[in-house]
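Before any comments, here is the structure.
None of the figures in this text is laboratory data; all of them are computed from the coordinates on show. Predicted model only: the values in this text are computed from it and were never measured. Don't worry about glycine lacking a Cβ; one is built from the backbone with ideal geometry, like all the others, and counts go over all protein chains shown.
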C-alpha cells in the first residue's frame, strides 16, 4: 500500500477536507494513474451525504477521472506509461456472469465494484478520484482519444456514458424525435450526443432561462414545462424521452408526450418514488424504462464517438479547496454544466 493526497468526507454531515488515503501497490494487471482532472457528479453529493444509504468514512468520491498512466503491472497489455486514460463509475466486476460476458459489466449480477464507497477485492473500501493517484485493473481503464482534452473528457466517464447508452440502445438517430428533460450536467451531454447522432432534439426544461444554451448545444427546439400548453402542444410527439432530472416529476404527464411505441428512459436517480399509471403506458404501447451508465466496451465507443464529433463537457474548472462551495452550487443548479477539479494542487 502507498499513500496519496485526497479530499474526503469525514462524515455524512461534515464538509470534505484534505486528507490522505491508501492505494494498493500495482499488481500484475493493474495500472497506476496520475489523476489530472476529476468531475463532480450529483451522485457524489448523494453518496457522501448518505442519501442512498450509510457509507464508510472517510470517503473520497469521484468517478469521472482523467489522467496519465505512470506505471503498469508486469502482465498489462492494454495500456502503457504515458497513455491518456480515464476511469468511470466502476473499477471491477465478477467478469463471469451472463451480463459481464456480454460486455454489460454495469449490470453485473454479483454487483459491479463502484469506483468509490464499494468493497474492493482485497476487502478495503474503494476511494475515488478526488485524489492524486488511483490504481485500477487494466480492463476497467478507458483510452481517451487524441482530440479530447482531459478536462472536458473527465465528465464523459459518467455524464457522457449515462446519456450515450440509452440514446444508443433505443436507436436515437436520423428520423427520430428525441426529447431531453432537464438541461444540467446530464442533460447538456444528452443534447450534444443526440444531435450528433442525427436525431431531432427537443429540450424540456422548467423555464426558458437556458433556451439559448440549449440551441447552442445542438437542440432544435426548446420548451418550458412550467407552461401547461407545452404538454398539450407536444402530446404524442416523441419516439424517445431521456429524463435526466434527479427529482420527482409527473412521469404520467411526460408519458403522454410519447408517440406509439415510444419510450421514456430515466437516467436521473431521485430519492422519491415515481408513480406510474398503467393507462399512461397501455394506451399507446409506451415504455417506461431505466438505464445505468454503460459497459466498458460501450464507454470506449462513447469516448471515440465524442472525439470524432468534437464533443466535450461544458465545464468550470475549480481548485480542490472549492469543492464544498461547488457542492452547494450543484444543489442550487448554479453550474453550466459540470464542475471539474484540477487535482494539481491536492
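Calculated FRET efficiency, residue 235 and residue 274, Cβ-Cβ r, R0 25 Å, to nearest 0.05?
The value I calculate is 0.80.
Relative to the first principal axis of the alpha-carbon coordinates of the chain, what is the inclination of helix 185-197, with its axis defined by its Cα atoms, in degrees from 0 to 90 and to the nearest 10?
70 degrees
Rounded to a whole number of µm²/s, how large is the Stokes-Einstein D of the stretch 230-346 at 10 °C and 1.306 mPa s, given Rh as the Kirkwood radius over C-alpha pairs?
Rounded to a whole number, D works out at 93 µm²/s.
So if each residue of separation counts as 0.36 nm, and I subtract the Cα-Cα distance between residue 121 and residue 149, what length gain in nm does that give?
Residue separation times 0.36 nm, minus the Cα-Cα distance, leaves 6.9 nm.
Could you work out the helix-only [θ] at 222 nm for the chain, with each DSSP H run of four or more residues adding -39,500 (n - 2.57) and the total divided by the number of residues, to the nearest 500 deg cm²/dmol?
-6500 deg cm²/dmol
Where does helix 296-309 land angle-wise versus the long Cα axis of the chain, in degrees 0 to 90, nearest 10?
Tilt of helix 296-309: around 70 degrees.
If you line up the long axis of helix 159-169 against the longest principal axis of the chain, both from Cα atoms, how many degrees apart are they, to the nearest 10?
So the helix axis and the longest Cα principal axis differ by about 50 degrees.
Give me the number: length gained by fully extending residue 20 to residue 344, i.e. 0.36 nm times residue separation minus the C-alpha to C-alpha distance, one decimal in nm. Please report the intermediate quantities before stating the final value.
Values: separation 324, 0.36 × 324 = 116.64 nm, distance 1.48 nm.
Additional length available on full extension: 115.2 nm.
Rank 33, 251, 311 by mean-square fluctuation in a GNM of the chain with C-alpha springs under 10 angstrom and give only the top-ranked residue.
Maximum among the listed residues: 251.
Ranking 288, 164 by Cβ neighbours within 10 Å, fewest first, what do you get?
Fewest-to-most ranking of 288, 164: 288, 164.
Arranged by the count of other C-beta atoms within 10 angstrom, fewest first, what order do 36, 192, 308 take?
308, 36, 192
Send over the Kirkwood Rh of the stretch 162-290, from the inverse of the averaged 1/r over different Cα pairs, rounded to one decimal Å. Don't skip to the answer; put the middle values down first.
Values: mean 1/r = 0.0704 Å⁻¹.
Taking the inverse mean of 1/r over all distinct Cα pairs, the stretch 162-290 comes out at 14.2 Å.
If each residue's Cβ is checked for other Cβ atoms within 10 Å, how do 1, 189, 302 rank with the fewest at the top?
1, 302, 189
Once you've got the GNM for the chain with C-alpha springs shorter than 10 Å, pick whichever of 269, 66, 247 has the biggest mean-square fluctuation.
Of 269, 66, 247, the most mobile in the Gaussian network model is 247.
Label point 7 Å out from residue 77 along Cα-to-Cβ: which residues of the stretch 25-42 have amide N under 19 Å?
27-32, by backbone N distance to the label point.
Gaussian network model of the chain, Cα springs within a sub-10 Å range: biggest mean-square fluctuation belongs to which of 229, 321, 34?
229
Using a Förster distance of 22 Å, how high is the FRET efficiency between residue 332 and residue 227, based on the Cβ-Cβ distance and rounded to 0.05? Working shown, then result.
On the way: r = 23 Å, r/R0 = 1.05.
Computed FRET efficiency for residue 332 and residue 227 comes out at 0.45.
Compute the separation of the alpha-carbon centres of the stretch 168-193 and the stretch 62-136 and state it in Å as a whole number.
Rounded to whole Å, the Cα centres lie 27 Å apart.
Using only Cα atoms, locate the centre of the stretch 202-274 and the centre of the stretch 280-306, then give the distance between them in Å, rounded to an integer.
16 Å
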